[in-house]
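Just so it is clear, none of the values below were taken in a lab; they were calculated from the coordinates. As the structure is a prediction and not an experimental result, all values here were calculated from the model. Note that we place each Cβ from the backbone using ideal geometry, even for glycine, and neighbour counts take in every protein chain shown.
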Amino acid sequence: MKRIFAFAVTLAALTASGCGSSSNTTSTTSTTKSASTSCTTSIAIEGPFTGPVAQLGLEQLHFAQLAVADDNAANKTNVTLNQDDTQLMPSIAVTKADAIVASPAVAAIGPAGSQEVEAVGPIFGKAGIAFISGSATLPALASSGKNPTFFRVVPDDNVQGPQDANYVINHLKPKAVLIIDDDEAYSQGLVKVMTPILQKAGIKVNHQTYNGTDTGATLANALSSLVTSQLTPAETVTMLPWQTAANAQTFGLDAKQQHKTTTLFGTDGTDSPTQFKIPGTYVSNFGPDISTSTSTLDKSIVSGVAKYGPYGAFGVPTYEATDVVMKAIASVCKAGQTPSRSNVLAAIKKTDIPAADNPMGVVISFQPGGDLTGAPGYLFHINSKGTYVSIPNH
């Protein structure tokens with residue numbers, strides 16, 4: 001749901017300090033002994049660190065913490081990362097955004113969900129705070145004009161949706177598809193893009209919805225009911241563009257229990273090898289799995305993140321989102337200026353990081369509106385052992 005939130009911003013909040021600490025309730029300082037005190041400031045991260053998708057949110061947090069530590073050491077900066085838990089709830093994200101605006105933070109990472117960006121975009125825009133998401137993919141976020149300080153380091157649904165739909169058409173060749181959204185902006189956006197492509201190819205599409213915020217028995221009954229009443233023998237592919245991997249796992253197990261055969265195809269939020277591991281499943285993602293990469297940079301990131309928490313591919317784009325902010329701050333300091341919201345925002349707009357210098361493997365630069373200039377996309381197949389194997393997405 002799109003809303004415009006009114007709020008009061010003090011002059012002190014609008015003029016970001018180059019030093020001091022955030023007023024947010026939880027903070028971590030990711031600095032090193034070699035970091036210089038001449039370039040001191042703070043940034044914030046909004047993410048779902050508790051709640052139903054906490055595992056993915058914590059992956060994002062851990063990669064952000066690593067990026068801050070890496071860039072502090074490399075650039076002789078002293079940047080503090082403040083944590084703001086949103087639980088993937090737009091209303092909570094708004095409260096946290098207001099707190100960030102009132103703090104000295106010069107930029108923000110996140111939030112994770114498209115529905116959250118819709119809610120906080122006008123707040124950050126009015127305050128002049130750049131914010132970079134590593135997972136929000138709704139196309140309108142960059143084109144509506146409501147989020148003037150928004151950036152993302154992942155492709156939008158208009159890139160990922162056609163890639164996924166065309167892969168299903170060309171490789172899985174179903175006559176009918178069951179596609180289910182979880183009643184929020186991200187999921188609905190992908191369904192809206194994929195459905196006409198599938199239909200144009202002559203595939204019958206059965207589109208259903210369930211409430212992704214349900215829990216317990218209500219959620220279990222809803223997922224089981226979808227399998228019972230909607231999944232037919234003709235629907236040899238079921239597409240699950242959901243934000244909660246555990247729900248996708250439950251759906252797959254329900255289908256198996258009811259002796260129904262279908263190939264599952266999940267997206268971004270279902271990319272969680274410990275939670276969603278139905279053999280034969282396909283999972284697309286906006287970020288790469290660098291766990292087996294031989295790149296020196298990627299190996300350093302994989303080993304480095306272990307200091308903060310378990311590795312997970314979902315967190316890789318957030319590392320790069322944080323890296324963009326950190327490099328922007330370093331460039332401001334190198335120019336002899338004190339980091340502020342305005343000059344960090346200006347520096348982010350000039351971002352141009354070569355593909356070889358970041359874990360996403362694509363050039364990181366931004367179009368007006370905040371979209372990437374490139375169009376990456378990644379696809380995995382879950383083998384008989386439940387292992388995610390990277391495969392071409394075309």
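To the nearest 10 degrees, how steeply does helix 216-230 sit against the main Cα axis of the chain, on a 0 to 90 scale?
40 degrees
Under the Karplus relation 6.51 cos²θ - 1.76 cosθ + 1.60, θ = phi - 60°, what is the ordered set of whole-Hz ³J(HN,Hα) values for segment 115-129, x standing for Gly and Pro?
Working through the residues one at a time gives 5, 6, 4, 4, 6, 9, x, x, 5, 5, x, 5, 7, x, 9 Hz.
What do you get for the angle between helix 316-334 and the principal long axis of the chain? Use alpha-carbon atoms, 0 to 90 degrees, nearest ten.
That works out to roughly 20 degrees.
When the dipole is taken about the Cα centre of segment 157-285, and only Lys, Arg (+1) and Asp, Glu (-1) are charged at their Cβ, what size is it in debye, to the nearest 20?
Approximately 580 debye in magnitude.
Cα to Cα, under 20 Å, and not fewer than 8 places away if on the same chain: which lysines meet these conditions relative to LYS256?
Here the lysines satisfying the reach criterion relative to LYS256 are LYS277, LYS385.
In terms of the Cα gyration tensor, with a ≥ b ≥ c the square roots of its eigenvalues, is segment 38-87 rounded because a/c is under 1.5, prolate because a/b exceeds b/c, or oblate?
oblate
Could you tell me which residue out of PRO273, GLN257, ALA67 lies farthest along the dipole of the chain toward its positive end? Charges go on the beta carbon: Lys and Arg +1, Asp and Glu -1, centred on the Cα centre.
Towards the positive end, the residue furthest out is ALA67.
Mind checking which lysines have their C-alpha under 17 Å from LYS96, skipping anything on the same chain fewer than 8 residues away?
LYS126
Under 16 Å Cα to Cα from LYS204, which lysines show up? Leave out anything in the same chain fewer than 8 places away.
Straight-line reach from LYS204, under 16 Å: LYS173, LYS175, LYS192.
What dipole magnitude, in Debye to the nearest 20, does the chain give about its Cα centre under +1 on Lys/Arg Cβ and -1 on Asp/Glu Cβ?
That gives a dipole near 340 debye.
What is the dipole size for segment 36-177, taken about its Cα centre, with +1 at each Lys and Arg Cβ and -1 at each Asp and Glu Cβ, in debye to the nearest 20?
260 debye
What list of ³J(HN,Hα) couplings, whole Hz, do you get for segment 177-192 from phi and the Karplus terms 6.51, -1.76, 1.60, once you set θ to phi - 60° and write x for glycine and proline?
Rounded to whole hertz, the list is 10, 9, 10, 10, 9, 9, 6, 9, 4, 4, 5, 5, x, 5, 4, 4.
Over 26 Å between C-alpha atoms is what I'm after, so list which of LYS146/LYS350; LYS307/LYS349; LYS76/LYS299 land there.
LYS307/LYS349
With angles folded into 0 to 90 degrees, how steeply does helix 296-305 sit against the dominant principal axis of the chain? Use alpha carbons for both and round to 10.
The angle comes out near 90 degrees.
If neighbour count is taken as other Cβ atoms inside 10 Å, put TYR167, TYR319 in order from fewest to most.
Placing the least packed residue first, the sequence is TYR167, TYR319.
According to the square roots a ≥ b ≥ c of the eigenvalues of the Cα gyration tensor, what is the shape class of segment 136-271, taking rounded for a/c under 1.5, prolate for a/b larger than b/c otherwise, and oblate for the remainder?
oblate
Among TYR311, ILE301, SER342, whose Cα sits farthest toward the positive end of the charge dipole of segment 281-394 (+1 at Cβ of Lys/Arg, -1 at Cβ of Asp/Glu, about the Cα centre)?
SER342
In whole Hz, what ³J(HN,Hα) sequence does segment 256-263 give by Karplus (6.51, -1.76, 1.60; θ = phi - 60°), x for Gly and Pro?
For segment 256-263, the Karplus curve yields 5, 5, 8, 6, 10, 10, 7, 8 Hz.
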